[in-house]
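Notes to accompany the following structure.
We did not get these values from a lab; they are worked out from the coordinates using the rules stated. Quick caveat: nothing in here was measured; it's all calculated off a predicted structure. Positions of Cβ are backbone-derived with ideal geometry, glycine not excepted, and every protein chain shown enters the neighbour counts.
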Amino acid sequence: MSNVSELDVKHQLRKKKENMAKIYDFKALTSKGRELDFAQFEGKVLLIVNTASKCGFTPQFAGLEELNQKYKDKGLVIIGFPCNQFKP
């Protein structure tokens with residue numbers, strides 16, 4: 001039997017959460033080479049998508065655009081990261 005109480009475990013988990021990086025702490029480069037600071041999206045709902053556009057598998061774009069149009073005014077932001085596994 002352990003001497004660790006439930007309160008101790010909750011405290012440890014809370015402490016770990018406080019030290020974890022948040023998506024808003026990150027930056028990425030856009031396809032045009034500009035820095036994208038995720039801090040600008042704090043308070044919004046992010047949908048981060050791995051896209052495969054150069055291989056022709058783009059049917060997902062229509063659905064993503066539909067979601068964007070429907071929910072952008074409610075705080076949805078869709079961010080696409082291109083997948084490069086299909087490069088020749």
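Length gained on full extension, residue 50 to residue 21: 8.4 nm, using 0.36 nm per residue less the C-alpha separation.
When you count, for each residue, the other Cβ atoms within 10 Å and take the mean per peptide, how do 24-36, 71-83 rank with the highest first? Walk me through the numbers on the way to the answer.
Values: 24-36: 9.7, 71-83: 12.9.
Ranking the peptides 24-36, 71-83 by packing returns 71-83, 24-36.
Rounded to the nearest 20 Debye, what is the dipole magnitude of segment 6-82 about its Cα centre when Lys and Arg each give +1 and Asp and Glu each give -1 at the C-beta? Write out the running numbers ahead of the final one.
Working: 14 positive and 10 negative charges, 15 e Å.
Roughly 80 debye, rounded to the nearest 20.
Annotation: amide H of residue 83 within the under-5 Å range of 51, 52, 53, sequence separation 5 or more or interchain, hydrogens built in the peptide plane.
Here's how it looks for residue 36: its modeled amide H is under 5 Å from those of 28, 29, 30, which are all 5 or more places away or on a different chain. Coupling constants for segment 36-42 follow from the phi torsions by the Karplus curve (6.51 cos²θ - 1.76 cosθ + 1.60, θ = phi - 60°), and in residue order they are 10, 9, 5, 4, 5, 9, 4 Hz; glycine and proline get x.
Let me know the volume per residue of the alpha-carbon convex hull for segment 6-82, in Å³. Don't skip to the answer; put the middle values down first.
Numbers: hull volume 11.2 nm³, N = 77.
It is 146 Å³ per residue.
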